[in-house]
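Engineer: Before anything else, here's the structure in question.
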There are 2 protein chains.
Amino acid sequence: MPAELLDGIAVARAIRDEVAVAVAAQKARGVVPGLAVVLVGEDPASTVYVRNKGRACEEAGMHSVTIRLPDTASQAELLAVVDQLNADPAIHGMLVQMPLPKQCNADEVIRRIDPAKDVDGFHPINAGKLLIGEKDGFAPCTPAGVIELLKRYDVPTSGADVVIVGRSNIVGKPMASLLMQPGVDATVTICHSRTRELPTHTRRADILIAAIGRPKFVTADMVKPGATVIDVGINRVDEPRAKNGYVLAGDVDFAPVSAVAGKITPVPGGVGPLTIAMLLKSTLVAASRVRVA
Amino acid sequence: MPAELLDGIAVARAIRDEVAVAVAAQKARGVVPGLAVVLVGEDPASTVYVRNKGRACEEAGMHSVTIRLPDTASQAELLAVVDQLNADPAIHGMLVQMPLPKQCNADEVIRRIDPAKDVDGFHPINAGKLLIGEKDGFAPCTPAGVIELLKRYDVPTSGADVVIVGRSNIVGKPMASLLMQPGVDATVTICHSRTRELPTHTRRADILIAAIGRPKFVTADMVKPGATVIDVGINRVDEPRAKNGYVLAGDVDFAPVSAVAGKITPVPGGVGPLTIAMLLKSTLVAASRVRVA
């Protein structure tokens, strides 16, 4: 029996609908949730992604601002934009689209964002609050989306052995922070390029989360029968017959793994759509924390 | 063959000697590293511990201040002391001794400490920097001491399977943060009270770190032959024949486990002495970051 598909599009749709209802409630108390996205340069993937964020905001009834800087923008210009958004009462959440051109220092930019508006959850204080279990920060959108997906498909996490492959600051580490908290209660292992005998770890996972960035890295022999497999990877793979000359592939070798797994996310249509949905949700949360006189 | 003892007293002595040399260098450039410890109330264990910190500072040539507040001190009084120490240029590191009396809010106190003086590493921004891998924060002293112990005894961590039992904010979580960083490169699993089949995890550990707070919790059958066992627990166990009516016991059942393990820390004399040594080292680091005109 092939694995059950975890439908990220449907879950994202449900979250966005819930956010739209809550946005209306915020408006009723006089707060219009507002998200600002800063895009430096014209990277095609980033441009598409930023446009999608803007559209999703508007569809949810939010205020949306996109600020475009040329790819020659200096660090000082970028920081000035961040400062201006920090001070703007119409903006509750903001993010600076990565990657930045090389003259810009991403770490400094992230630290400059007001943590109360850091809906990407990349500021160190928000990373710390997530790890410590303080509730007044923001979680990075992709791992937060994975948690939502697991919850809405009733995948039990308490006592589950979860193996995360990949230790990035935007997926692997915050994913571990979320999963180990009391209430979620997973037993988390973080694997990476230096892990010895990786398959012995992945094969004991009740929930396997792949966030490596290498297409089809996770093969069927690495998965325990019946496991839930979450594929965070989105890789471009050359494919001359495809319209753009490439296809998207996850970190998981989908067809063979789905013959072994109990539940699995497709790519595309799995974790990807959840990222924008959770960004909207975090912006809503940021707006809901604003006190109205 | 019984396990090799990892001598925390000797390693702490070496660290404190190195710190004393570096303190002299700081003094030569006009900076006297200063540590302030705030003690609220008269808990006997805390009082001893604070006194030991003060003595260790003085022995290393540091400036040491202990501020005592009555156990009736209000949150406002405590925050005022923190503010004063934040502003004091003679103080480079400070900590507020836990636990606090119940009228005080520890989270708020910790957040009030200037992160640049937070040598306990408990401020959320320092927890976040540790997880992200930014080098300009502070690590909590006990897990930092464990890393030093492993390094100085040449216990390899790269690719090693490390299992941490306990997910506290002062030991388990920051221990995981330190061990998963590039350069340390352990494959880390964090276990806790909800973990299923705990022994199956602990038995695969090359390095097993016990931070549970329950005496003799880790038994010989839970340890892989030859593993390195680090015991962070310090528990009082009633013992009528002892002078004080109790003895100190770790989280590890020492005698039988030391017959199985390759290396092991005793309690006392293992991790404990490293905590104060690392506190001195962090205070030195804080002082060394001060710019002199």
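Engineer: Kindly provide the set of residues from region B:187-205 that are touching an Asp or Glu at 6+ places or on another chain (Cβ under 7 Å), open to solvent by 20 Å² or more (accessible area, probe 1.4 Å) and at the interface with chain A (Cβ under 9 Å from one of its Cβ atoms), ordered by number.
Structural biologist: Just the residues of region B:187-205 that are touching an Asp or Glu at 6+ places or on another chain (Cβ under 7 Å), to begin with: B:187, B:194, B:199, B:204-205.
Still in the list and also open to solvent by 20 Å² or more (accessible area, probe 1.4 Å): B:194, B:199, B:204.
Selection gives B:R194, B:R204.
Engineer: Looking at region A:207-272, what strands (runs of 3 or more DSSP E) fall wholly within it and have at least 3 residues that are under 19 Å from A:G8 (Cα atoms) and either in contact (Cβ under 8 Å) with a residue 40 or more places away in the chain or not assigned by TED's automatic domain parsing to the domain that holds A:G172 (or both)?
Structural biologist: Details: elements: A:207-210, A:228-231, A:235-238, A:246-249.
By residue number, A:207-210, A:228-231.
Engineer: Among the listed residues B:A127, B:A87, which satisfies the condition of being more than 20 Å from B:T47 (Cα to Cα), open to solvent by 40 Å² or more (accessible area, probe 1.4 Å) and aliphatic (A, V, I, L, M)?
Structural biologist: Values: B:A127 fails: open to solvent by 40 Å² or more (accessible area, probe 1.4 Å).
Going through B:A127, B:A87 in turn, just one is more than 20 Å from B:T47 (Cα to Cα), open to solvent by 40 Å² or more (accessible area, probe 1.4 Å) and aliphatic (A, V, I, L, M): B:A87.
Engineer: With the requirement that a residue be at the interface with another protein chain (Cβ under 9 Å from one of its Cβ atoms) and open to solvent by 20 Å² or more (accessible area, probe 1.4 Å), what does region A:132-145 give you? Lay out the reasoning, then the answer.
Structural biologist: Keep residues of region A:132-145 that are at the interface with another protein chain (Cβ under 9 Å from one of its Cβ atoms), which gives A:132-134, A:137.
Across region A:132-145, the qualifying residues are A:I132, A:G133, A:E134.
Engineer: Please specify each residue of region A:1-38 satisfying the condition of being crowded, with 19+ Cβ neighbours inside 10 Å and not in a helix (DSSP H, G or I).
Structural biologist: If the condition is that a residue be crowded, with 19+ Cβ neighbours inside 10 Å and not in a helix (DSSP H, G or I), then A:A3, A:L6, A:V31, A:P33, A:G34, A:L35, A:A36, A:V37, A:V38 are the ones that fit.
Engineer: Of all the residues that make up region A:99-131, how many are assigned to a loop (DSSP other than H, G, I, E, B) and within 14 Å of chain B (Cβ to nearest Cβ)? First the steps, then the outcome.
Structural biologist: Initial filter on region A:99-131 (assigned to a loop (DSSP other than H, G, I, E, B)): A:99-105, A:113-114, A:119-123.
If we keep only those that are within 14 Å of chain B (Cβ to nearest Cβ) too, we end up with A:105, A:113-114, A:120-123.
Of the residues in region A:99-131, 7 are assigned to a loop (DSSP other than H, G, I, E, B) and within 14 Å of chain B (Cβ to nearest Cβ).
Engineer: Find the residue count for region B:69-84, including only residues that are in contact (Cβ under 8 Å) with a residue 12 or more places away in the chain and either surrounded by 16 or more Cβ atoms within 10 Å (Cβ to Cβ) or in a helix (DSSP H, G or I) (or both).
Structural biologist: Initially, region B:69-84 is screened for residues in contact (Cβ under 8 Å) with a residue 12 or more places away in the chain, giving B:69-75, B:78-79, B:81-83.
Next cut, either surrounded by 16 or more Cβ atoms within 10 Å (Cβ to Cβ) or in a helix (DSSP H, G or I) (or both) only: B:69, B:73, B:75, B:78-79, B:81-83.
Looking only at that region, the number is 8.
Engineer: Is it the case that B:K102 is touching a His at 6+ places or on another chain (Cβ under 8 Å) and not hydrophobic (A, V, I, L, M, F, W, C)?
Structural biologist: It is false that B:K102 is touching a His at 6+ places or on another chain (Cβ under 8 Å) and not hydrophobic (A, V, I, L, M, F, W, C).
Engineer: Those residues that are at the interface with chain B (Cβ under 7 Å from one of its Cβ atoms) and more than 21 Å from the chain's Cα centre (by Cα), I need them from region A:159-186; list them, please.
Structural biologist: Once the filter is applied, which keeps residues that are at the interface with chain B (Cβ under 7 Å from one of its Cβ atoms) and more than 21 Å from the chain's Cα centre (by Cα), region A:159-186 yields only A:G159.
Engineer: Given the options B:I91, B:I147, name the one that is at pLDDT 95 or above, aliphatic (A, V, I, L, M) and within 18 Å of the chain's Cα centre (by Cα). Give the derivation first.
Structural biologist: Working: B:I91 fails: within 18 Å of the chain's Cα centre (by Cα).
Every option except B:I147 fails the conditions.
Engineer: Also: Identify all residues within region A:1-16 that are at pLDDT 95 or above and more than 17 Å from A:K151 (Cα to Cα); write none if there are none.
Structural biologist: Narrowing region A:1-16 to residues at pLDDT 95 or above: A:3-16.
Listed by number, the list holds a single entry, A:A3.
Engineer: Test of understanding: among A:T219, A:T275, which residue is open to solvent by less than 30 Å² (accessible area, probe 1.4 Å), polar (S, T, N, Q) and at pLDDT 95 or above? So that I can check it myself, show each step before the final result.
Structural biologist: Details: A:T219 fails: open to solvent by less than 30 Å² (accessible area, probe 1.4 Å).
On inspection, the qualifying residue turns out to be A:T275.
The values are calculated or read from the model by the stated rules, or taken from the named source; none is laboratory data. Source: prediction; values computed, not measured. All Cβ positions, even for glycine, are placed from backbone atoms using ideal geometry, and neighbour counts span all protein chains on display. Ligands, DNA and RNA are stripped out before the accessible areas are found, and what is left, the full protein with its side chains, is counted by its heavy atoms. Shrake-Rupley method; radii C 1.70, N 1.55, O 1.52, S 1.80 Å.
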